[in-house]
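Chemist: Okay, handing you the structure first.
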Amino acid sequence: MRTPVPSLPSPMPEFEVAATPRRGIPVAVLAYSGDSPALGPGGADLSADWASTVGLTGKAGEVHAVADGRWVLGIGGATAAEWRKAGASLVRALEARASDDADAGRRVLKAVQLTLPPSVSDDHVAAFVLGAALGGYRYKVSSTQKPRLKTVRLVTEEELRPAVDRALAIALGTTATRDMGNTPSNVKDPAWLASRAVKLAAQLPGLTVDVRDEKWLAAEGFGGLLAVGGGSASPPRFVELSWRPAKPVGPHIAYVGKGITFDTGGISIKPADGMHLMRTDMCGGASVIAALVTIARLGLPVRVTGLVPIAENHVSGSSYRPGDIVKHYDGQTTEVSNTDAEGRMVLADAMGYAIRRVKPDLMVDVATLTGAMKVALGVRTGGLFATDDDLAARIIDAGTRSGESWWRMPLLAELEDEVVSDIADWRQCPPGPGGITAALFLEKFTDGIPWAHMDIAGPARAEKVYDEVVPGATGFSTRTLVELVSSYIS
């Protein structure tokens with residue numbers, strides 16, 4: 001019997017927008033940083049002595065409890081990033097108070113309200129809501145669940161309601177990506193992940209989902225996906241999500257996401273240390289699924305197709321081997337040198353399918369692909385490779401708007417010959433810098449259309465709390481994928 005898991009997606013606070021405060025709901029007062037921290041609406045009666053006693057600085061994310069039941073929340077210099085951090089910090093502080101030794105026995109507040117200043121912008125409100133919605137995220141398989149903050153009331157103009165609703169839709173997509181990434185792999189086999197795509201997309205007009213099984217994959221020639229999934233008792237799946245708005249604008253975009261539900265490394269088996277974290281090796285695929293669902297929920301008028309090759313890379317007598325030659329969907333062949341480089345094998349099939357069957361104007365793939373990128377950029381920045389300068393700029397800008405950081409990496413021409421194999425078309429793992437040579441391999445399956453590769457091996461998973469991120473799967477790249485589509489709407 002499978003382990004029960006939390007419902008998907010995980011719950012978030014509800015957000016109210018109202019013109020007036022409601023009596024009886026605890027208040028959070030905003031504090032702005034500076035030489036003398038300035039307090040926003042509702043904090044005029046807090047004395048300088050109090051501020052000095054608690055060490056108030058007003059920096060983003062600083063939270064203080066006031067004896068009369070109010071809270072003071074630092075908002076820093078009021079950039080969007082600071083609003084997002086503040087929202088996350090407030091929710092975490094409210095929910096953590098009940099478990100603090102000094103506050104043992106206190107209940108988690110059911111609601112909190114903030115009076116926002118007249119100068120607040122759509123971007124600031126959206127960032128605060130996103131942070132508050134994601135900052136208290138938790139995923140725990142347990143018979144008991146700790147109480148949660150239920151409602152955040154924003155006292156501001158009703159005109160800001162659309163910004164709140166959009167932020168909540170994006171937060172819901174990010175949460176769905178986190179949930180899929182965090183689900184343990186004794187539950188999350190390829191069929192389960194494919195079923196999540198169907199469930200999340202249900203009742204969204206204009207969004208269709210097709211799930212193909214191993215028989216279809218064999219008939220169609222998905223050699224890479226079948227090779228990687230061949231060592232597991234759980235056969236692979238291929239998910240195609242299609243969003244077709246009634247009156248599309250801009251280019252037809254194909255998103256391709258790596259969906260490895262667990263990665264042992266196969267015959268080239270990984271060390272035991274850290275292998276348990278490989279349940280998140282499908283976060284690129286989860287991001288594509290959640291992005292398509294969010295794009296449909298927001299009704300963005302750009303045609304988008306999402307492709308997710310899903311497999312479990314396991315060890316058995318039927319595992320693929322180093323030295324094998326694999327034929328991909330588009331007919332190109334790959335010489336296998338390391339079965340732990342399985343991500344590029346399944347992406348190659350899906351990208352070839354995109355070119356031949358979907359026929360997009362541009363293509364973006366996203367994957368937890370290489371440890372080399374984690375070494376190069378750390379765990380908070382995604383690696384970006386692109387054949388088109390405009391596409392690269394749009395992705396970086398989309399990341400900036402959504403609070404996700406990207407760094408463009410080079411597709412070095414001097415390394416292109418390293419991808420060529422003596423006994424097949426391409427070498428799976430060419431020598432040289434691993435993140436770059438992996439991208440050069442994938443480029444062979446793009447047929448020259450504008451393409452970007454997003455390597456999220458570092459930021460897809462977190463070990464500690466920062467900003468709106470909590471330990472576990474982060475949902476990184478989902479927001480960028482949505483904002484990239486938005487950038488093509490004039």
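Chemist: Please go through (1) in a strand (DSSP E or B); (2) touching an Asp or Glu at 6+ places or on another chain (Cβ under 6 Å); (3) closer than 30 Å to Thr144 by Cβ for Gly74 and return the number of the only condition it doesn't satisfy.
Modeler: (3)
Chemist: Please specify each residue of segment 422-464 satisfying the condition of being among the basic types (Lys, Arg), within 30 Å of Arg92 (Cα to Cα) and in contact with a strand residue (DSSP E or B) (Cβ under 7 Å, 6 or more places away or on another chain).
Modeler: Residue satisfying the conditions is Arg461 alone.
Chemist: For segment 399-409, give me each residue that is crowded, with 21+ Cβ neighbours inside 10 Å and among the charged types (D, E, K, R).
Modeler: Selection gives Glu404 alone.
Conditions tested, residue by residue: (1) part of a loop (DSSP other than H, G, I, E, B); (2) over 22 Å from Gln332 (Cβ atoms); (3) hydroxyl-bearing (Ser, Thr, Tyr).
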| position | (1), (2), (3) |
| --- | --- |
| Leu411 | yes, no, no |
| Leu415 | no, no, no |
| Glu418 | no, no, no |
| Gly432 | yes, no, no |
| Ala439 | no, no, no |
| Gly475 | yes, yes, no |
| Glu483 | no, yes, no |
| Ser490 | yes, yes, yes |
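Chemist: In this structure, does Ala462 turn out to be of a type outside the set (Val, Ile, Thr), buried (at least 16 other Cβ atoms within 10 Å of the Cβ) and at pLDDT 95 or above?
Modeler: yes
Chemist: Is it true that some residue in segment 272-285 is among the β-branched types (Val, Ile, Thr), at pLDDT 95 or above and closer than 23 Å to Glu214 by Cα?
Modeler: yes
Chemist: Specify which of the listed residues (Gly173, Gly135) is buried (at least 21 other Cβ atoms within 10 Å of the Cβ) and either without any contact (Cβ under 8 Å) to a residue 60 or more places away in the chain or within 24 Å of Gly76 (Cα to Cα) (or both).
Modeler: Gly135
Chemist: Taking segment 66-75 as the region of interest, how many residues are touching a strand residue (DSSP E or B) at 6+ places or on another chain (Cβ under 7 Å) and in contact (Cβ under 8 Å) with a residue 40 or more places away in the chain?
Modeler: 6
Chemist: Consider segment 195-228. How many of its residues are of a type in the set (Lys, Arg) and either at positive phi or assigned to a loop (DSSP other than H, G, I, E, B) (or both)?
Modeler: 0
Chemist: Give me the pairs, please: first residue somewhere in segment 48-65 and part of a strand (DSSP E or B), second residue anywhere and exposed (fewer than 15 other Cβ atoms within 10 Å of the Cβ) and not hydrophobic (A, V, I, L, M, F, W, C), beta-carbon distance under 9 Å, and either six or more positions apart or on two chains.
Modeler: Pairs that qualify, where the first residue is part of a strand (DSSP E or B) and the partner is exposed (fewer than 15 other Cβ atoms within 10 Å of the Cβ) and not hydrophobic (A, V, I, L, M, F, W, C), are His64/Gly55; Ala65/Asp103.
Chemist: Follow-up. Looking at Glu95, Glu62, Glu82, can you tell me which residue is surrounded by 13 or more Cβ atoms within 10 Å (Cβ to Cβ), among the acidic types (Asp, Glu) and in contact with a Lys or Arg (Cβ under 7 Å, 6 or more places away or on another chain)?
Modeler: Step by step, each of Glu95, Glu62, Glu82 is checked, and only Glu95 is surrounded by 13 or more Cβ atoms within 10 Å (Cβ to Cβ), among the acidic types (Asp, Glu) and in contact with a Lys or Arg (Cβ under 7 Å, 6 or more places away or on another chain).
Chemist: Further question on the same structure: For segment 224-245, enumerate the residues that are among the aliphatic types (A, V, I, L, M) and under 14 Å from Ile295 (Cα atoms).
Modeler: Correct list: Leu241 only.
Chemist: Quick one: Tyr320 ticks every box in (1) within 24 Å of the chain's Cα centre (by Cα); (2) touching a residue at least 40 places away in the same chain (Cβ under 8 Å) except a single one, so which number is it?
Modeler: With respect to (1) within 24 Å of the chain's Cα centre (by Cα); (2) touching a residue at least 40 places away in the same chain (Cβ under 8 Å), Tyr320 is out only on (1).
Chemist: Taking the condition assigned to a loop (DSSP other than H, G, I, E, B), touching a strand residue (DSSP E or B) at 6+ places or on another chain (Cβ under 8 Å) and not hydrophobic (A, V, I, L, M, F, W, C), does Gly231 pass?
Modeler: yes
Chemist: Checking the condition of a type in the set (Lys, Arg) and in the same structural domain as Phe262 (by TED's automatic domain parsing), which residue from Arg148, Arg97, Arg153, Arg178 passes?
Modeler: When all the criteria are applied, what remains is Arg178.
Chemist: What pairs can you find where one residue is in segment 34-47 and at positive phi and among the charged types (D, E, K, R), the other is surrounded by 11 or more Cβ atoms within 10 Å (Cβ to Cβ) and assigned to a loop (DSSP other than H, G, I, E, B), and their Cβ atoms are less than 8 Å apart, with a gap of 6+ or different chains?
Modeler: none
Chemist: Please find, among Asp273, Asp263, Asp281, the residue that is more than 20 Å from Asp324 (Cα to Cα), out of contact with any Phe, Trp or Tyr (no Cβ under 8 Å at 6 or more places or on another chain) and in the same structural domain as Asn182 (by TED's automatic domain parsing).
Modeler: Asp273
Chemist: Since Leu204 meets every condition but one in (1) surrounded by fewer than 20 Cβ atoms within 10 Å (Cβ to Cβ); (2) without any contact (Cβ under 8 Å) to a residue 40 or more places away in the chain, which condition does it not meet?
Modeler: Leu204 satisfies all of (1) surrounded by fewer than 20 Cβ atoms within 10 Å (Cβ to Cβ); (2) without any contact (Cβ under 8 Å) to a residue 40 or more places away in the chain except (2).
Chemist: Evaluate the following for Leu46: is it within 27 Å of the chain's Cα centre (by Cα) and not small (Gly, Ala, Ser)?
Modeler: For Leu46, the condition - within 27 Å of the chain's Cα centre (by Cα) and not small (Gly, Ala, Ser) - is not met.
The values are calculated or read from the model by the stated rules, or taken from the named source; none is laboratory data. This one's a predicted model, so the numbers in the text were calculated from it and none came from an experiment. With ideal geometry, Cβ positions are generated from the backbone for all residues, glycine too; neighbour counts draw on all protein chains shown.
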